[in-house]
Each structure stands twice: as structure tokens, then as C-alpha cells.
Amino acid sequence: MAQTVQATAVAPTTETQPDVELRQVLKTFGAEVAVRQLDLRVQPGEFFSILGPSGCGKTTILRMIAGFESPTAGEVLIQGANVSRVPAHRRPVNTVFQSYALFDHMTVRDNIAFGLKIRRMGSAQVRDRVAEALRLVRMEPMANRYPAQLSGGQQQRVALARALVNHPAVMLLDEPLGALDQKLRKQMQVELANLHRQLGITFIMVTHDQEEALSLSSRIAVMNNGQIEQVGTPSDIYDRPHTPFVADFIGDTNLFPGRVDRVYPAQVQVTTESGLRVLAPAMTPAASPLQNIVVSVRPEKINLSLSAPGSEGNCYQGQVSHLMYLGTHLHCVVRLSSGEALTVRQPNRAEGALAVDTPVYVHWAAADCLVLDAA
Amino acid sequence: MREWGDEGMGGWGEIRILTAFAFLTLPTFLTLPTFLTLPTFLTLPMAPISSPKIPWAERLAPRRWLGPVVMLGPAGVWLLLLLVLPTLLILEISLVPGLRLGQPSGGYGLGNYLQILQPVYLRVIGRSLSFAVGSTLLCLVLGFPVAYWLALMSPQRWRNLLLVGFILPLWTSSLLRAYAWTAILRPSGVLNTIFTAVGLPAQAWLNTPTAVFIGLTYSFLPYMVLILYASLEKLDTRLLEAAADLGATPFQGFWKITIPQVLPGIAAGSLLVFISTLGDFVVPTLLGGASSMNISRLIYNQFLGPTRAWGFGSALSMLLILAVSLSIALLLRYGDKSTVTEPS
Amino acid sequence: MAGLAAANCRQNLAGPPAGGGGGDGSLHIYTWANYTDDGLAAAFTERTGIPVVIDIFDSNEVMLTRLQAGGGDAYSIIYPSDYMVSEMIDLGLLTELDKERLSGLENLKAKWRNPAYDPDNAHSVPFCWGTTGLLYNREAVPGTPTDWDFLWKNQAALSRRITMLDDMRETLGATLKSLGYSYNSNNPAEIEAAYKRLLELRPDIAAFKTTGFENELLGGDLSVSMAYSSDAIALTLEDNRMEYIIPASGASLWTDTLAIPATAPNPDAAYQWINFLLEPEVASAAVKRLLFATANQAAFDRLPAEIQGNEDLYPSEAILAKSEGIVAVDTASTDLFDQFWTKVTSA
């Protein structure tokens, strides 16, 4: 329930009617609960991502919005109308499927025109709208090809055009870039962002790729196990995760579960089970001693040096146990003398004195830590 | 002047006629797959050889053709002996007008083919076509819902059992099945007992074309269901979701997506049933009585009936072979779209 | 049964039976259904030590085609009917019998010592004979049939409750006879008249069948079937509603014979089989079981009175006088028969 409060609190405007709203939605498949008592509001014009590991229920949510599944309990509203029992073909949304689901017996043009013809639009208007959609996705030269004659990226564009040509109130995108290779994916992310800006309609995208979600979305809902863990802007999610799951799922992090044993005005000291003492920023409301919390610190916030640093804050001795060269960065795992393994991300600078088993110091400011509720 | 089949037992003429005859009497299930594999056989070894980038010396290297020849050789010999040669023999016999076994006959000519143009034979051909087209349509109309239900709606765990149950009749003799229908359709048979019991008027369907349609549809429905099932099972139901997403009602989705998607299956099933029913002998003979002379019964009568007009029978056979070959050509052209559209 | 037999034929025609006839020392017989039974074959094997293998045909034409299409060396004994004997002699398909090796020919009835279809029984030995008439279900016909024209007169009442033989010469011949012409007419006008008359009846004929009408006749689904006496009598004995008549204007008289194909394997065994069947005791025992009309006078004399007096089996001389055997017609007439028969059956 706490998450729900967060979600509405972060919504950009309070008075506009949400384009899509889920109220207390429950979805079960037999004994299996896919989505539990979920509330969600997506505002007009948002690029809203639902992010989570596979099996977390995110695709089920999208399918309930599209109308391919109906909620076991609760309501789905689109532009204020309860559509829980409205079949897919009468909902003002269009979907871009993960597999594209292009009609392989039709040309690109006929695929795109399908929705318009179903709505019995005049042929001249169909022609104009299809031409416009083809132009938007830059597929004009391919109009007369069949899907089997297109590359994956081209098929993706056709799938987009086929959905957006209908000018839906909401575009639903189910892992739209999941089948593309890394380079094409980056390129399509830019195109998706451009399309969203040009069309100004609400996009709801389901993805398991955090980078994609962070780079494209105006807001992100992080899901786990059928529930929303946190809803917020990309920086909310990344810089201020509310739960250990979100902190861990969005980017790498080092988590120190422990107990508060000292409370200072601006800081608290936490002791982990292995006895490591970590300084973290004070919490609101103020932490009480002996409270169980989790301290999180991002790998890129940790500094690494060969000699003892003079700075305040957290500083520990350890040994490099793994070293991975990532081009722009070095990815190290440092084993502390207390036993914890820390992931550290260092800019790739020329020093290059690091090697496995090198004794090092790791240190970071208390302010760089985040304090999370213990799950 | 030449005499057919009268050159003493064991002569070349004898062997030719025996071979032709053996082919004519081979059951459909044996010849049909042979027909179907022929084009494959013809095209397979061509593929590597006709590739334009390979120099001639390379193309003729034994390692290029030895494998295909060894693998396809036995089937090739089989086809040559049981399909190509007999067909040529039938063609030759068909070109001898008025040929009767054991009797002297004249030279070659088209008389046998011209004889087919007589109204009475054209009616027989028309009747055969109507039997074939009618029972194909019936099979399609009756078989599609069954295949659809089996492939998309039946409980997954029972699906194979249901499918086997449906095609089980195929494992009994077609003759026995047709014979069983005479017991059902005769005026005092099972059907009329039921009709009378529920207050429907009794029907005298046995020995009418109606009985032939019923028998043919029953006999070949499992083939249709099997082929449609295979096609519908491959149907990507996400396409139906996509259609619904784009505003198509289930009805529109069915006609605009499901049907076009399984069209190759519909074409394959229909052509197979059409080919089989066009040449079926047992059902029209047992159920159709005097009112259902079709082309295969007519051919049978030319070879085994009192007239023994082998030349005319061979001409009719060539016509049937031509019709079947055309159907198979259509089957190969439209039966599977993946062979038609080349990837980019 | 027709279909079953037909399929059987197809199977047989597709290739010679395993063992290919003579090679294995057994006697391969190609015959009509109901002319032999296990008892007969067993008795022969016991006597001679030669195993018997029996194949069945249901029309002379099927048998002929089978022999012409390479089955000539598959059978030692065949059972062609009279007109087929003539035809096969012309085609050189029959062995000229060596009378020295036959015994018991003197047992034959006088009428069959020198038949028209095979003078002097040079190529065949008469085995049995019979007529072709009308078999009907007494409860399913209006009145009592006496002649062929019963079918035409009651055409409406009998509509699609009639079967005719799937036999060109018999069925067109019966129609010729109903018009007062001969079975063996060579007159094109008569043949055409018969064709037209048969065409009139055609819409009310359920099927052209040589066998396979029995169940439907018993069940009342058919009223009347043109049938060979041998098949008809079996049914009349089985069910007393069944009646067989030899039409008053005359019927066809047929003889089924024993013959040896020109290229028969194991001719010794074939001669032994013929001699075996010519024995009065063997023949009369077979007739008692299988109920056909024997051409063997000595065997006839040994039959019980009720069989001898069965007019269906052994019709009176008065009726026999009006009947005729089917013999080969000239080529032009054969062509006409062929053409009209195909048209009637294809219409």
C-alpha cells in the first residue's frame, strides 16, 4: 500500500484524468497469482514504462489494458471509462507486440491499413494516413514488401506504424525492442523517443531492460512478484530507490543489511552481521537504535586507492578478487577483511596498477549511501 | 497391323500390358505419394547444379552428384518402374483407337480421345467432377470446425487422443466402411430407423448420388481434418490478438487472419480430397448403384467389364492422370506459401 | 459382396499370387464363388496328395483379363462360362483336352456331349448349368411376376427396388427376350430397340449387380433382382419369402465349364481334378452340399428325389425349349452391345 501512495504523490499533475488507471487489479491463472491488488495511474502524454524481471506480471498488466485478459478482480479504466469487460477490439488502444505479430499474408501497406479498413475509413483517407505512418517510421520504400522480406528492425517499424496509424489514445509496447541486437536497439530507442514526442500520445512500455526504461521513460513502475515496488521518474528510481529490490534491479549496487547502533544528527551508524560499521545519512523519520535497515551504495560512488585516503566517511581495507575490463570502466570486486565482497566501478584511467590480489582501500562519503527499509 | 497381348505369354507386349495393368490397379494410397514426391525428386538434385557461381568442372565433380544420386536412386528407380514407364505405356495404348485385348487393331490415332467427347461420357466426367467438388466442399465445411476445435480449443492433454480418435476410421478398410454405409443407408437401414423414430420422413438414399456424397465425405473427412489441424495448429494466435487490437471483431479476425493464414492448409486438404474423390472407385460402386457411373468406374469397366476396350480405358486413364497431375501442380503451387515467397 | 469380390479381383489382378502357380506342386483353381468348398478340396488332396488353392472371380471378363494380363501361368483350372469358352478358344487361351487322360466323360448328360460353344468338348468339360431369371421377395412385389415385362409394367411401383445383372449380354439379352427377340440377336435395329427399352427402365433400376443384392432383398429394401439360378436357389432355400422364376418368354441357359489354360502349370493335377469331379459319387455329394445343377447324368441319378424334382434347379423341358444359351455375336453386334451397355450404365 505504501507504494500506491508514492505513485500518486509523484504523478505530475493531480487534477487531470489519467489516460489509464488500474484499481485494485488482481489477476490469477489457476492457483498462480500474476498480479496482486495493483493500483496504477498513467497520465496523458506520459511515456510510462513497466520494468521488472521476467514473470513479474508486467506483461499481464499490459494485456489487461489491451483487453487480451480481463482482471480477476478490480477495474481497468481507459480515459475514465471502465473497460474491464470491454473486448480488445473496442478499446481505444493499440499494441506493438514483442514478436511484432505482423500479418505475413499482407504487404507492409496492408498491414498498416488493417486497423483503418476495419474501421471502414474511406480509401483516400486510408491512403493518406498509411503514407503518413510509413513516413513517420521511414518505411516508404518498403510499402509493397511482405513481412518475411524485411529485417527485424524494419518489421519493428512496421509494427509501430500499424499501431500508431490508428491514432490511439494509448500506445502499448510489449518489449518492443527485445528482439533487436544492441546497436539497432539503441537506434530504435531514439526513434521511439522521437515518435513519442511527435505524436504526444501516451506510451506504456513493458520492458525488462532497465537502461531502456531509464533512457526513454517519463516515469517507471518497477514490478516484482506481481506487485509494484516503486513508481517514479528515472532519477527517482535510480537515485532514490525505496526498496532493496529496486536498488538492486536498477543498476548495480552494494547492499549492507544491518542494525542501527548509533544515531547522529545527520548520520547513522549501521553494523552489519559480520561486524562492519557503515556510516549512512540520517533518515526521515529519524531512525531508532536497533532498527533493521539496509544501506545501499552504488559501485560508481566508491573510490578505490592503493594508499590510505585521508577522507572522512566509510573507509575499509581489502583485496581485489576480480577484475573486469569494460572499456570505459574497470569493474572490480573487492573483498573486505570483514568478509563482504564489494562491487566497485572505476573510470578507466591510465594508472593501471590494479591487479587481482592487490591490497586496496575502498572509501566513500556517508552522503553517497542510501538507506532503505529492510524488506 | 499389330496385335496386342496376343504375342504369346511372356513376350514384350505381355510385359508392357502387365506393367500398365499393375499400375492401373495400384491403390491410390500407393500412387498418390509417388506423385507427390516426383516434383521433389526432380528439383532436389537441380539445386546445387544450377547455381550460377560454380564452374562447370566443379559442378561435374562426383562428390557433388554422388550423394544425391545414391540417396535418390532407389526412389528414382521405383518411380521410373511404377510411375513413368506405366504412364507412358498407358499413353501408348490410349493412342490406338478401338484397341481390344487379343484382337488385331489399326495404327495410332486420337479416336479414343475423341470418343470421350460423346455427351454420355462428358456427363460421366461432369458427374465425377461434381462428386469430387461436392464432397470436397462438404469435407471442408464439416472438417474445418472440427479441426479448429481440436487445434485451438480442445483440452491440451486430450488433444492427441481426440485426434487419433477422429482419424481412427482411416485404419479400417475403406471397403468395409463403404459397405457399412449400405447397411445404414438402405431403406430399412439404421438411418431410416432413427429418422422414423424422431418423426422425420424416411429417405431412400442408397443407390443415389446422395449416398455417394455421404460415403465420400465420410471416407475423406479424416484426411481433411488432419491437414487442417496441422495447419491450424501452426496458426500464430498472437496474430488474432493483433487483429483484435486493431479493432477486428472475432468474426473479422477469422475471415481476415485465420482463413488467409490457413489457406495453404485449406488448399492442401481440398486438393487431396478432390484428387482422392475424383478417382474413387469403391464408394460410387457400393453406394451409388446404377445412378453414379463416374470416371473410375467407367475405366474399370473398360478394363474388367464386358466391353474390354483397353484403348478407350487408357484414354480415360490419361485424362484422369492429367486431372490429378494438374491438381497436384496446384497443390504444390498454392499448398504451401513458404515455397512461393522468397526471403529478402 | 460385389464390392468385396471386386476388390479381391483388383488385388488378384495386381500381381500373381504368391507361389506363382505351378512351382509349388499345388493345384491353383480360379472359379466362381460357391462351386467348391473345403470338403471338396480336402477330399481331392486326400485322394491325390495335391494341395488345392482357390481364387474367386465374379465375372468371366475379370477372369479373362486376369489371364490375358499375365495370369496365364497362375492357374491350372479355370471355370469359364459357355460363351467365354468360345472366346478363349478363339484367343488360343485354352488347352485342347487330351481325351486319353480324361475318364468319366460318358457320365455327362447327352445334351452336353457336343455343346455349340465347344464342339465335342474339345477344350472344356461341362460342370454345371443354370438359368438366369428373376428372384423376388414375395412380400415386396405387386402381384406375381411371371415374365420379364413384369419389370416394365410395374416400373413405378418397383422404382429403385430393382437390380439387374452387371452383365452386358445377360441384361441386354433379357431385354431383347422381353421384346420377343433372341439373346443372340445380330440385328442392329433389335439391339437398339432393346437398348431404348432398357433405358426406359434405367431410372428405376437401383443398381447393376451380379451379387450383393441378397441382404437388401431379404430386408425388403429391394423387391426383385435379376439373378443366376445358382445364387437365387440358395436364397429361396434360406427364406421362404424368396421366389425364383424363369420368365415365361424364356431365359438364358448357361453352362459353366472346367478348362485348362494354354499355359497352365501342373496340367497333370488339372486333369486329375477334372476326372475327380466327373466321378458320380463326388459330383452328387458336391451338388447336395452346394446345390448347383449338375451336367453329370450319373450324378443326377444319385440325387435324392426332392433335389431332382426342384424345378428351379432343373426346369421343365417346356421352359428349357424357349430358353437359349448365349453365344458370341458378330463383331459389329459386339460393338453395338458394348456401346449401348456403356451408355445405359453411364446415363
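Structural remarks
- Near the amide H of C:D147, within less than 5 Å, lie the amide hydrogens of C:A248, all on another chain or at least 5 residues away, with H placed in the peptide plane.
- Averaging Cα coordinates gives a centre for segment A:100-148 and one for segment A:293-371; these two points are 54 Å apart.
- Across all directions, the shadow cast by the convex hull of segment B:84-189 built on its C-alpha atoms averages 12.5 square nanometres.
- Residue exposure sequence - B:V198, A:V137 - by fewest surrounding Cβ within 10 Å: B:V198, A:V137
- Rg to Rh quotient for the protein assembly as shown, alpha carbon positions, Kirkwood Rh: 1.20
- Relative contact order (%) - criterion: Cα under 8 Å, at least six apart; region: chain A: 15
- Spacing of the two label points (7 Å from each Cα toward its C-beta) at B:I194 and C:S103, in nm: 6.3
- Once both labels are positioned 7 Å from their Cα atoms along Cα-to-Cβ, the gap between A:Q182 and A:L326 label points is 1.2 nm.
- Dipole orientation for chain A: of the candidates A:L276, A:P265, A:A66, A:A66 has the Cα lying most toward the positive pole (charges on Cβ; Lys, Arg +1; Asp, Glu -1).
- C:E281/B:R159 FRET efficiency (R0 60 Å; Cβ-Cβ; nearest 0.05): 0.35
- Sorted by Cβ density within 10 Å, fewest first, the residues C:L199, A:L290: A:L290, C:L199
- Cβ crowding within 10 Å, taken as a proxy for footprinting-reagent exposure, orders B:M71, C:M242, A:M205 from fewest neighbours to most as B:M71, C:M242, A:M205.
- Modelled spin labels at B:S173 and A:N348, positioned 7 Å past Cα toward Cβ, are 8.0 nm from each other.
- Sequence ranges B:231-244, C:43-56, ranked by mean other-Cβ count within 10 angstrom, highest first: B:231-244, C:43-56
- Inter-centroid distance (Cα atoms) of segment C:62-80 relative to segment B:226-301, Å: 43
- Note on C:334-345: average number of Cβ atoms from other chains within 10 Å of each residue's Cβ is 5.
- Considering only C:G212, C:G250, C:G133, the Gaussian network model of chain C with Cα springs below 10 Å gives its largest mean-square fluctuation to C:G212.
- Rounded if a/c under 1.5, otherwise prolate or oblate - segment A:106-148, Cα gyration tensor axes: oblate
- Computed over chain C, the per-residue total of -39500 (n - 2.57) for DSSP H runs of n ≥ 4 gives a 222 nm mean residue ellipticity of -11500 deg cm²/dmol, rounded to 500.
- Put a plus charge on the Cβ of each Lys and Arg, a minus charge on the Cβ of each Asp and Glu, and nothing anywhere else: the dipole of segment A:252-373 about its Cα centre is then about 60 debye.
- Dipole moment magnitude, nearest 20 debye, the protein assembly as shown about Cα centre, only Lys, Arg, Asp, Glu C-beta charged: 4320
- Note on B:278-290: average number of Cβ atoms from other chains within 10 Å of each residue's Cβ is 4.
- Chain C - Kirkwood radius from inverse mean 1/r over Cα pairs (Å): 20.8
- With Cα atoms, 0 to 90° folded angle of helix A:182-199 axis to chain A main axis: 60
- Evaluating 6.51 cos²θ - 1.76 cosθ + 1.60 at θ = phi - 60° for every residue in segment C:149-162, the Karplus couplings come out as 5, 3, 5, 6, 5, 10, 3, 5, 5, 9, 3, 6, 10, 10 Hz, glycine and proline recorded as x.
- Taking the C-alpha atoms of chain A, convex hull volume expressed per residue in Å³: 171
FYI, it's all coordinate maths here, none of it is from the lab. Just so you know, these numbers come straight off a predicted model, no measurement behind them. Because the Cβ atoms are built from the backbone with ideal geometry, glycine has one as well, and the counts that use them run over all protein chains shown.
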